[in-house]
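Inspection log for the structure reproduced underneath, given as structure tokens.
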Amino acid sequence: MQDYLTLLKLKKLPTTWCPGCGNGLVVKALAQAMHELKMNKHNTVIVSGIGCNGRSAGYFNLESIHTLHGRAIPVAEGIKTANPKLNVIVLSGDGDLLAIGGNHLLHASRRKTNITVICVNNRIYGMTGGQASPTTPLNAKTASTPFGNEFPEIDVQPVVLANNNLYARSTVYHFDHLKQVIKKALLDKEFSFVEVMSNCYQGYGKKAGYMHPYEIIMDFKKNYNMSRSHKKELKKNEIGFVKK
Amino acid sequence: MTNKKVLKKGNHVIGAAAIEAGCEFYAGYPITPQNELTEYMAKHMVLNKRPFVQAESEVSAINMVFGASAAGARAMTSSSSPGISLKQEGISYIAGANLPCVIVNMVRGGPGLGNIAGAQSDYFQATRGGGHGDYRLIVLGPNSVQELYDYTMKSFDLADKYRIPVMILGDGYLGQMMESLTLHKYAKPKNLPKKTWALTGCKGRNPNVIKTLYLTPEDALEKHNLELNVKYEKIKKELQLFETINVQNAELVIVAYGTVSRVVKNVIESSDKKIGLFRPISLWPFPENALRNLKCKKFLVVEMSLGQMVEDVKLSLFGTDASVDLIARPGGMIPTEEEIHKKIKLMLK
């Protein structure tokens, strides 16, 4: 059962992330999902973007490449196109994939390149100190929105579903569910996208009035229900996967 | 394809050479005046069962090349000046990650949107690195359709040999020009290093990590920079490409590359003075020793930019008593034979 640990660079632990950060859970869920699917270092490449989550690739005992801010998806497409035998997984955050990298997401989705993108959505730019990202809630106060965020958050689900690709959503609270949807995405033969709702206590939670990282995670428990349909779009408060 | 003489367009020939040299991945994005190259690749890469991608932007194209190169493929992208500016962040990363690739810049006039005529105004950008950080590219400046063919092939070998991005610095005129050339077969050098660093699935070895981030220890990045520099110094020693015509005992030597050097050749033939031509082919590394060894006292730099290559000429001649003059035509204008003759007359008065 512990064999998934061979996929990780244990010497590098503990991670560089703040105590209570959800990134570690995503790394663990992905490692377990890969292990259960017999994906290994011989056939898999991890591509990371820039930001807190971009550091994830460094904890995998796998072929990996640390790319430019926002450009993880085209780099992954380059690898997959040049060597289709490899499983190519992108690990990055909401700022990287949805703001600066948003156009690449739109087009990789249209090209249906067979890569899996795991977007850890903590709704903030964590590494740079808590500036608003495209998924920061409306009116939220952050380091770069001291008077409240003027703009509504981006909804990535329709972008992915528009081209009949697999879209999945889970949270770092729902660990087993997260692992299952990651497996679904990894097995998919087209472009697949997993949005993982995660917590950033230091960069966002504190300002939002949370007293502890744990409270944000428990909010995921309270706020998200499991969807039973895999054909309909997920509602805002639903986790699950959709492939039309 | 054995030594066949054909009439072809410059941009098409770059594509033909890339395919002949085993280019395994091409990503591009439309921009004038290099579209014929992207279109050629769209057809012929696919006919050769190799991947072609029309990316959503130049930024995406260079990053796809980054990925394909990381996976061990011979990868190439092409564009023209504004598009090359967009590619610079990717080029900086590829250079920093010690990866090979070929980048073609069919230069057009700038700054900004400029125009779509050929120009040489990206010389600084190409030879000084272009993006952020301390790095260099190998930059080659062909001057004919034949050379576009020959040096495109060579650029793949140089990229693999030194693990460095190689830029073909052409211009809009060269790309659009039709000229006869001899097509010949590509022969891969035997001594190219194996790509042991590539992300190919690590059976029987430890995983490879491709990165450009060096945070700790404190001097990690300095060490990385110095290692890159060892490579750059090696290239400087081993690769100084140039052509000379009539330089022996010349009263005046004209320094020009690319399209301009063709005008200068006509000037030399029609001049009643003893005029020589020094034509750098590798623009980085600049063939400084060869230029310095000419022992001529008077140099005239002619370029289709506002005085960019002239700086390398002056640096090469630093400490000698040679004088350096300049004819600079920016904005896509080609210097005329008449104005060069006129300048020569003034200089040799």
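Here, each number is a calculation from the coordinates, and none is a lab measurement. What you see is a predicted model; the values in this text were computed from it and never measured. FYI the Cβ positions are ideal-geometry reconstructions off the backbone, even for glycines, and counts take in every protein chain you see.
Could you give the size of the charge dipole of the protein assembly as shown about its Cα centre, using +1 on the Cβ of each K and R and -1 on the Cβ of each D and E, expressed in debye and rounded to the nearest 20?
My answer is approximately 1600 debye.
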5 Å is the cut-off here: which amide hydrogens, built 1.01 Å from N in the peptide plane, fall below it relative to A:V194, excluding neighbours closer than 5 in sequence?
A:V117, A:I118, A:C119, A:A168
In nm, to one decimal, how far is the modelled label at B:K194 from the one at B:V6, with both set 7 Å along Cα→Cβ?
3.5 nm
Total charge of the residues flanking B:D325 in space, meaning their Cβ is under 9 Å from its Cβ, with Lys and Arg +1 and Asp and Glu -1, is +2
Which aspartates and glutamates have a Cα lying under 14 Å from the Cα of A:K141, excluding residues fewer than 8 positions away in the same chain?
A:E150, A:E153
Of B:C101, A:C119, B:C202, how do they rank once you tally other Cβ atoms within 10 Å and put the fewest first?
B:C202, A:C119, B:C101
With a ≥ b ≥ c from the Cα gyration tensor eigenvalues, square-rooted, and the rule rounded for a/c under 1.5, otherwise prolate when a/b > b/c and oblate otherwise, the stretch B:121-173 is oblate
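Report the relative contact order of chain A, percent, no decimals, based on alpha-carbon pairs under 8 angstrom and at least 6 residues apart. Don't skip to the answer; put the middle values down first.
On the way: 540 pairs, mean separation 42.4, N = 244.
Normalised by residue count, the contact order of chain A is 17 percent.
222 nm [θ] for chain A, helices only, -39500 (n - 2.57) per DSSP H run of 4+, per residue, to 500?
Values: 6 runs with 64 residues, N = 244.
Taken over chain A, the calculation gives -8000 deg cm²/dmol.
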Would you mind telling me the antiparallel percentage of the DSSP bridges in the protein assembly as shown, rounded to 5?
25 percent
Subset of A:K189/A:K244; B:K154/B:K190; A:K112/A:K183; B:K87/B:K194; B:K223/B:K314; A:K221/A:K243 violating a 20 Å alpha-carbon distance limit
B:K87/B:K194; B:K223/B:K314; A:K221/A:K243
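Please work out whether the stretch B:182-239 counts as rounded, prolate or oblate from its C-alpha gyration tensor, where a ≥ b ≥ c are the square roots of the eigenvalues and a/c under 1.5 means rounded, while otherwise a/b larger than b/c means prolate and anything else oblate? Numbers along the way, then the final one.
Numbers: a/c = 3.22, a/b = 1.36, b/c = 2.38.
Cα axes put the stretch B:182-239 in the oblate bin.
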Any trypsin sites (Lys or Arg not before Pro) in the stretch A:205-242 that lie in a DSSP loop and have at most 13 other Cβ atoms within 10 Å would be A:R228, A:K231, A:K232, A:K235, A:K236
By the scheme Lys and Arg +1, Asp and Glu -1, what is the net charge of all other residues having a beta-carbon under 15 Å from that of B:H184?
+2
The stretch B:186-231: which GluC sites (Glu not before Pro) are DSSP loop and have at most 14 other beta-carbon atoms within 10 angstrom?
B:E218
Would you work out which of B:L348, B:N3, B:S79 lies farthest towards the positive end of the dipole of chain B? Charges go on Cβ: Lys and Arg +1, Asp and Glu -1.
B:N3
Per the C-alpha gyration tensor (a ≥ b ≥ c, the square roots of its eigenvalues), the stretch B:4-183 is rounded if a/c is under 1.5, else prolate if a/b beats b/c, else oblate; here it's rounded
What aspartates and glutamates sit close enough to B:K273 to cross-link, taking a C-alpha to C-alpha distance under 12 Å and skipping anything fewer than 8 places away on the same chain?
B:E251
Two-site label geometry, A:Y214 and B:D272: point separation in nm, points 7 Å out along Cα→Cβ
9.9 nm
Summed side-chain charge close to B:V102 - residues other than B:V102 whose Cβ falls under 12 Å, Lys, Arg +1, Asp, Glu -1:
-1
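When only Cα pairs under 8 Å and 6 or more residues apart are kept, what is the percent relative contact order across the stretch B:243-347?
29 percent
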Restricting to Cα pairs under 8 Å and 6 or more apart, the percent relative contact order of chain B works out to 18 percent
Percent antiparallel among DSSP beta bridges with both residues in chain B, to the nearest 5?
30 percent
Dipole magnitude (debye, nearest 20) for chain A, charges at Cβ of Lys, Arg, Asp, Glu
480 debye
What number do you get for chain A when its Cα radius of gyration is normalised by 2.2 N^0.38 Å, N = residues?
0.93
